[in-house]
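Comments concern the structure below.
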Amino acid sequence: MSLKSKFIYNLIIKAVNKMAKTTNHKPNKILVIAAHPDDEILGAGGTILKHVHDGNEVHVCIVTKSYSPEWSDEYRSTKIEEAKKINKLMRIAKRHYLGLPTQKLNTIASGEFNQKIRQVIETVEPDIVYTHFKHDINKDHTAVFEGVMTATRPIIDHIEVRCFETMSSTEWNYQPCNMFTPNLFVDIGKFIEKKLEAFAVYKSEVKEYPHPRSVEGVRNWAKKRGNEICKEYAEAFMIMRRFE
């Protein structure tokens with residue numbers, strides 16, 4: 001066999017092997033565990049859309065719910081309808097609700113709380129879990145992070161855990177030793193407009209610019225993260241646990 005023929009043969013073998021790996025690749029199951037409705041969009045909306053585009057199955061778990069008299073029945077029913085629209089828009093496989101009281105997660109025994117998180121994980125059987133950053137200024141976020149890290153301990157299964165940032169919570173923690181330091185960036189240039197469309201569905205959560213939770217504020221943050229990797233838009237994460 002001539003050198004040229006051998007070179008072409010090796011290229012063909014590499015291409016066939018690559019195609020075999022792609023064909024045999026099992027789609028990932030993704031679980032996003034968020035304290036409140038809209039956190040999943042703010043933190044990982046573009047990445048969720050990318051996962052779906054890549055053929056992965058995405059589940060969302062919302063840990064808390066509002067309650068009366070602090071929130072009206074109309075407000076609560078509106079939140080459910082908004083979530084249904086987002087599920088359809090983003091092609092979420094299923095949305096799970098734990099129904100725990102918002103702003104009161106610190107009143108629930110840790111063992112009970114961790115078990116509820118674990119039940120969702122056992123139901124979905126995810127390959128990757130996205131959740132809140134430990135040092136967010138919102139204490140519900142901290143509780144969810146700790147519950148996820150406990151529920152995903154590598155005893156039986158080995159689940160990758162990634163933390164997202166939540167505008168007006170992550171960046172408002174000004175303790176230098178506890179700042180969000182991303183080690184994973186996801187290019188969401190193809191998905192930014194749909195992320196913003198999904199965020200706008202949560203009408204009661206959208207603020208006026210220049211608030212970080214305004215539509216323009218969310219765009220600016222994605223642009224900032226994109227600039228950090230020479231892309232137009234990106235989302236940033238901290239990988240807390242990964243297995244090879």
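The values are calculated or read from the model by the stated rules, or taken from the named source; none is laboratory data. Everything quoted here is computed from the prediction, not taken from an experiment. Methodologically, a virtual Cβ is constructed for each residue, glycine included, from the backbone with ideal geometry; neighbour enumeration extends over all protein chains shown.
Counting only residues that are among the hydroxyl-bearing types (Ser, Thr, Tyr) and at pLDDT below 95, which one in segment 59-77 is surrounded by the most Cβ atoms within 10 Å (Cβ to Cβ)? Step through it out loud before you land on a result.
From segment 59-77, those among the hydroxyl-bearing types (Ser, Thr, Tyr) are 64, 66-68, 72, 75, 77; that's our starting set.
Of the ones still in play, those that are also at pLDDT below 95 are 66-68, 72, 75, 77.
On the way: Ser66: 16, Tyr67: 13, Ser68: 9, Ser72: 11, Tyr75: 12, Ser77: 10.
Top of the filtered list is Ser66.
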Give me a count of the residues in segment 44-69 that are under 11 Å from Pro101 (Cα atoms) and not in a strand (DSSP E or B).
3
Scan segment 215-226 and report the pairs whose first residue is more than 15 Å from Val186 (Cα to Cα) and whose second residue is part of a helix (DSSP H, G or I), with Cβ atoms within less than 8 Å and a gap of 6+ or a chain change.
Val215/Leu196; Val215/Phe199; Val215/Ala200; Val218/Leu42; Val218/Lys195; Val218/Leu196; Val218/Phe199
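Scan Arg213, Arg162 and give me the residue that is in a loop (DSSP other than H, G, I, E, B) and surrounded by 17 or more Cβ atoms within 10 Å (Cβ to Cβ).
Step by step, each of Arg213, Arg162 is checked, and only Arg213 is in a loop (DSSP other than H, G, I, E, B) and surrounded by 17 or more Cβ atoms within 10 Å (Cβ to Cβ).
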Residue under question is Ile41, and the condition is that it be in a helix (DSSP H, G or I), modelled with pLDDT of 95 or more and among the aliphatic types (A, V, I, L, M); does it hold?
yes
Return the residue satisfying two criteria in turn: it lies in segment 172-183 and is of a type in the set (A, V, I, L, M, F, W, C) and exposed (fewer than 15 other Cβ atoms within 10 Å of the Cβ), and of such residues it is farthest from Lys84 (Cα to Cα).
Cys177
Look at Phe199 and say whether it is in contact with a helix residue (DSSP H, G or I) (Cβ under 6 Å, 6 or more places away or on another chain), in a helix (DSSP H, G or I), crowded, with 20+ Cβ neighbours inside 10 Å and not basic (Lys, Arg).
yes
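Would a scan of segment 192-210 turn up a residue that is basic (Lys, Arg), touching a residue at least 60 places away in the same chain (Cβ under 8 Å) and closer than 28 Å to Val124 by Cα? Lay out the reasoning, then the answer.
If we filter segment 192-210 for residues that are basic (Lys, Arg), which is where we start, we get 194-195, 203, 207.
With touching a residue at least 60 places away in the same chain (Cβ under 8 Å) added as a condition, the list becomes 194-195, 203.
Within this subset, residues satisfying the condition of being closer than 28 Å to Val124 by Cα are 194-195.
Checking segment 192-210: at least one residue is basic (Lys, Arg), touching a residue at least 60 places away in the same chain (Cβ under 8 Å) and closer than 28 Å to Val124 by Cα.
Given the criteria surrounded by 17 or more Cβ atoms within 10 Å (Cβ to Cβ) and under 15 Å from the mean Cα position of the chain (by Cα), does Ile239 qualify? Give the derivation first.
Working: surrounded by 17 or more Cβ atoms within 10 Å (Cβ to Cβ): no; under 15 Å from the mean Cα position of the chain (by Cα): yes.
In short, no.
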What are the residues in segment 96-109 that are exposed (fewer than 13 other Cβ atoms within 10 Å of the Cβ) and outside any strand (DSSP E or B), if any?
Asn106, Thr107, Ala109
